[in-house]
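The values are calculated or read from the model by the stated rules, or taken from the named source; none is laboratory data. The model shown is predicted, which means the values in this text are computed figures rather than measured ones. For neighbour counting, all protein chains shown are included, and Cβ atoms are generated from backbone atoms with ideal geometry for every residue, glycine included. We work out accessible area using only protein heavy atoms, side chains counted, and drop any ligands, DNA or RNA first. Shrake-Rupley method; radii C 1.70, N 1.55, O 1.52, S 1.80 Å.
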Amino acid sequence: EDVARRDFTCNMLLRNISSDEVIDMVGGVEDIKNGMLRSHPAVDVNKTFADDPLRMIRGARFAGKYNFKVDHDVFKAMHDNAHRIEIISQERISAELIKLMEIGKLHGALKTLDGCGILKHIMPEVVAMQGVFHDLEAPYHRECGGDVFGHVMLVLENAQPGVVNQLAALFHDIGKPKARKVGENGKVSFKMHEPIGNRMVVDILKRMKFDNVTIDKVSKLVMMHTRPHQFGKWSNSSDKALRKLIREAGDELDQLLMLARADSLGNHPVEDYIPALRERIAVLRDNAERPINKQPFINGGM
């Protein structure tokens, strides 16, 4: 009865604490070896998810963390019960996703959640990036047919582990659907998508019950994520401009550079100029004659 109340066969193993014998009633050991996420063979998986819909998020977490394949019956039940995730608190959902962010495996779980229709219930703004296309006449963003969502998933896959790093990668282009414009010449632009995304990410992360420190860092990275690219496209960018970037990025500079690199690696064709930019920053920082001052706490706009 205890085994039948559990979520997936990989979590249904028992151990005799006297003999150390592993007791497997449902084929869980083989499922782990085969990388398969299955439910109890004698229990309706719809009941499993009805008892606690968060188990659907947990299933996606196992798929993302261990690269497990999701059994057809489990996937169908996740799809049929997707709407029930709305009764689960944001805190519990975010706690599951944070476990993936800490190890840099969020992208795999999101693909599973998107495929079964759950993602639109917990992050509709992310799903809204699907079907929003870059300009394929431009010499960049040709990956995934120019689809913004496809690009974001590639960036997330290349992003560094950590909650802030993973969230910044996921949301760096969140403002593009609202910012997208097509000019008279047919050219696509996303002017002001950074400040639009900055405002959106604050609302999203508040809804998902993240703390203010995380919200401030992620929104700052979203706002600044295109800035490092300027130094790759224009080699004549001045040291003065780079000093300004270092000063304004402040403590988030390293994370900003990591985000910019993931953004570059998620672009086709790839232009990875961040290592060279890091070297240039190191030279400026080592210049004792012209130290880089920190951003002042008080300025003329306060």
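In the set (1) open to solvent by less than 50 Å² (accessible area, probe 1.4 Å); (2) within 27 Å of residue 72 (Cα to Cα), residue 198 fails one condition alone, (2).
Output the residues belonging to segment 149-189 that are open to solvent by 30 Å² or more (accessible area, probe 1.4 Å) and in a loop (DSSP other than H, G, I, E, B).
Matches in segment 149-189: 160, 161, 180, 183, 184, 185, 186, 187.
Elements of the type helices (runs of 4 or more DSSP H) sitting completely within segment 230-302 and holding at least 3 residues that are open to solvent by less than 20 Å² (accessible area, probe 1.4 Å) and modelled with pLDDT of 90 or more: these cover 239-249, 253-265, 274-285. Taken over segment 168-187, the residue count meeting the criterion of being aliphatic (A, V, I, L, M) and in contact with a Phe, Trp or Tyr (Cβ under 8 Å, 6 or more places away or on another chain) is 1. Here residue 174 fulfils each of the conditions (1) touching a Gly at 6+ places or on another chain (Cβ under 7 Å); (2) in contact (Cβ under 8 Å) with a residue 24 or more places away in the chain; (3) farther than 19 Å from residue 208 by Cβ apart from (3). Annotation note: Cβ proximity below 8 Å between a residue of segment 247-269 that is more than 18 Å from residue 139 (Cβ to Cβ) and a residue that is acidic (Asp, Glu) (sequence gap 6+ or interchain) occurs for 261/272. What is the residue count in segment 17-53 for residues that are among the hydrophobic types (A, V, I, L, M, F, W, C), buried (at least 20 other Cβ atoms within 10 Å of the Cβ) and in a helix (DSSP H, G or I)? Final tally of qualifying residues: 2. Within segment 56-73, the set of residues being under 14 Å from residue 109 (Cβ atoms) and assigned to a helix (DSSP H, G or I) comprises 56, 57, 58, 59, 60, 61, 62, 63, 64, 65, 66.
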